[in-house]
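Participant: I have a structure I would like to understand better, so I am pasting it below and will then ask my questions one at a time.
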Amino acid sequence: MRLTLAFLLFMFLSQASFGQKYSIIDNRAIKMHEEGDELVLRRQYNEAIEKYKASINREANFLESYIKWGRLLLTTGRSKEALEVVERGERRAAKASDQVKGDFGWLKTHIYLSLGQFQEALREFQDIDPILSDDFKRSKNYRDSKDQMDFLNEHLQKELVIKKEKLPDPINQFTLQYFPVLTADSRKILFTKRDGVMDNQKEDIYVSYLGDDGETWTLPAGISENINTYYNEGTCTISADGNILIYTSCDAPDSFGSCDLYVAYRVNGQWQRSTNMGKNVNSRSWESQPSLSADGRILFFSSNRRGGYGGNDIWYSVRNEDGSWAEAKNLGPTVNTPRDEVSPFIYFNNEILFFASNGHQGFGGMDLFVSRVVDGEFTEPENLGYPINDHQDQFSLFITAQRDYAYYTETSYNEGKVERSFLYRFKFPEEIALGEKLIVTQGKVLNSKTGEPVAAKLSLVSLANDSTMYQFRSDGKTGDFMMLYPDKSFSGLYVEKEGYLPKIYNVDRDNLKDQEDLEISLTPIGPGEEFVFENIFFDFDKDELKPESMSSLKRLRDFLMTNYNVNIYIVGHTDNVGSASYNENLSLRRAESVKRYLLENGIKEGRAIPLGKGDREPIRPNDSAENRAMNRRITISIQENY
């Protein structure tokens, strides 16, 4: 726990609130003591300590000098020395007033807090609480400390069992390494490295790869010459598929302020030159510590710009369809406080936000918190508990998609100043819920005619409410893609590329979950080409479109609006249950329902011709319920006059 100057001054002023008289009468010792007080007001802390020590050397029972000496040691980060001084003074305070005993106990309580000795702090506070004055108990400082003690008492009773482990060599070879992030397969780690603690020592983004043994990391190296430059680059985030990198760069020529956010895209296996994310994201103030959603559509970051609720707040921006970023918005007062909120991390399911804060009730310094999205709103943050949080600053948490490990930065201090920082991890406790299991689907998107890779957009859509949950893109050089999404039922996958027929899947029915080699063939638009128009739903024996069909219908409408010279056939098919004539009529009526939607939404008459083929063209034998379901379908084919 690092104490602020404001806390220091209150600790000195609080003694005056008791209306105390000195415990000795030696004027020379008192004069040295008061000279120490004057030096404190001038922030000459070391000189002040020497005055308090001199006053004690003059008069060994000068209890007030022990207290002020201990307070200065605590405030300057020398907590162990402070405890020794306080215990030395307490041994001489057996016959002191309750006021002095209260001062010693109050100081000792906060020393224990600064050392992370929470049980000792609780016992000390409980011992002195009855002798503290009523006036002091009405102060904000007392109320805040009482709230923290109640918080500690509650959380220590439900202590988590975790084992923190420092990442092995060669990862932690620098003076400072911090803000770890991993790709979704947990085989690539990126972090910020700095060779020293001085501000003039530059930051770079480094990367290391996990070996085939699952234990050994490669020697860290700079991510790319297109990313690391003469300026400072660090605190980055990467999309789940590893193709979008957003990072912080400070004092670059095109910066809007001190530190800005930059974006770089990995194309055909190579990082392209980065660009400033622009005025919608950056400002004249400090922007840093980005966290990108798994699909790369929402960016969270920390900024001290105007319009916030305190020092540093968490903000977010949404990526538009054209790739630009919308104007950043503040996440609001549920998460942000009058103090600092930093280091956001949006989990892979896009529904759980972790962040660090010293504005919510915690154990000391910056604690890690979690807020969950419920009905589109972030909930009241919850402290992650002990010992994930302790008396030190915790930040830069990253939890793997596999939910096995949490990675974070642990910093050591010397007399209140940063000395080293290392990358650690621990098994993430099951007591902290992370939502549904995450599904991984990997594969390639290829041209069905040539077999060449296609750079396509893959959208995972909730069919229940027509909301796009995730978007991914396949690599233009290899066709590779990787999608990561929660195990939620009733969703559709839409694969689209201009100049090609769309490919539409039903995730559950087409068994896309956890596939590692899904090959998606996109067919160039041409006469006679067709595709199955998935996710069009009708009740049994009905031709009215169900609301769950909206996602596919809108995409068909957009396809026709984009390809204005394409005309289509909408072809209805059924299984073989019922008479052939009835099935043909039902299939035609269903195709006409699709046409009617298109006409009502801007598509001109004649561009979509409905046909009903009943059960004449099954794609599977009608020998099982599953096969009959596959035969009940609508297909879209391109007219010959294209």
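The values are calculated or read from the model by the stated rules, or taken from the named source; none is laboratory data. Computed from a prediction, not measured in an experiment: that's the story for all the values here. Glycine gets a Cβ as well: all are built from the backbone with ideal geometry, and neighbour counts include every protein chain shown.
Residue-by-condition table, conditions (1) in a loop (DSSP other than H, G, I, E, B); (2) among the hydroxyl-bearing types (Ser, Thr, Tyr); (3) in the same structural domain as residue 543 (by TED's automatic domain parsing):
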site: 571; (1), (2), (3): no, no, yes
site: 577; (1), (2), (3): yes, no, yes
site: 581; (1), (2), (3): no, yes, yes
site: 585; (1), (2), (3): no, no, yes
site: 589; (1), (2), (3): no, no, yes
site: 594; (1), (2), (3): no, no, yes
site: 599; (1), (2), (3): no, no, yes
site: 619; (1), (2), (3): yes, no, yes
site: 622; (1), (2), (3): yes, no, yes
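Participant: Right, here's the next one. Tell me, please, whether a residue that is under 30 Å from residue 637 (Cα atoms) and out of contact with any Cys (no Cβ under 7 Å at 6 or more places or on another chain) can be found in the stretch 416-436.
Facilitator: No, the stretch 416-436 has no match at all.
Participant: Among the residues of the stretch 601-613, what is the count of those that are in contact (Cβ under 8 Å) with a residue 40 or more places away in the chain, assigned to a loop (DSSP other than H, G, I, E, B) and closer than 20 Å to residue 530 by Cβ?
Facilitator: Matching residues across the stretch 601-613 total 3.
Participant: Shifting gears a bit: Determine the pairs where a residue that is farther than 17 Å from residue 605 by Cα, located within the stretch 546-567, has a partner that is among the aromatic types (Phe, Trp, Tyr) and in a loop (DSSP other than H, G, I, E, B) with Cβ atoms under 6 Å apart, the partner being 6 or more residues away or on another chain.
Facilitator: Every condition considered, the pairs that remain are 546/537; 548/537; 549/537.
Participant: Take the residues in the stretch 312-329 that are of a type in the set (Gly, Ala, Ser) and in a loop (DSSP other than H, G, I, E, B); name whichever of them is nearest to the chain's Cα centre (by Cα).
Facilitator: It comes out as 328.
Participant: Mind checking which residues of the stretch 624-642 are surrounded by 14 or more Cβ atoms within 10 Å (Cβ to Cβ) and assigned to a loop (DSSP other than H, G, I, E, B)?
Facilitator: Those that are surrounded by 14 or more Cβ atoms within 10 Å (Cβ to Cβ) and assigned to a loop (DSSP other than H, G, I, E, B): 632, 639, 642.
Participant: From the list 501, 463, pick out the single residue that is out of contact with any Cys (no Cβ under 7 Å at 6 or more places or on another chain), within 21 Å of residue 376 (Cβ to Cβ), surrounded by 21 or more Cβ atoms within 10 Å (Cβ to Cβ) and not assigned by TED's automatic domain parsing to the domain that holds residue 241.
Facilitator: 463
Participant: Moving on. Looking at 323, 332, 376, which one is small (Gly, Ala, Ser), assigned by TED's automatic domain parsing to the domain that holds residue 416 and in contact (Cβ under 8 Å) with a residue 12 or more places away in the chain?
Facilitator: Exactly one residue qualifies, and that residue is 332.
Participant: Right, here's the next one. Can you tell me how many residues in the stretch 188-219 are touching a residue at least 40 places away in the same chain (Cβ under 8 Å), assigned to a loop (DSSP other than H, G, I, E, B) and closer than 21 Å to residue 274 by Cα?
Facilitator: 0
Participant: Residue 98 versus (1) within 20 Å of residue 146 (Cα to Cα); (2) buried (at least 17 other Cβ atoms within 10 Å of the Cβ): which is the lone unmet condition?
Facilitator: Condition (2) is where residue 98 drops out.
Participant: I would also like to ask the following. Could you please let me know if residue 622 is touching a Lys or Arg at 6+ places or on another chain (Cβ under 6 Å) and closer than 20 Å to residue 540 by Cβ?
Facilitator: yes
Participant: Among 365, 332, which is the only one that is among the small types (Gly, Ala, Ser), modelled with pLDDT under 95 and surrounded by fewer than 23 Cβ atoms within 10 Å (Cβ to Cβ)?
Facilitator: Residue meeting the stated conditions: 365.
Participant: If you go through the stretch 330-352 one residue at a time, how many are over 14 Å from residue 395 (Cβ atoms) and not in a loop (DSSP other than H, G, I, E, B)?
Facilitator: The qualifying residues number 3.
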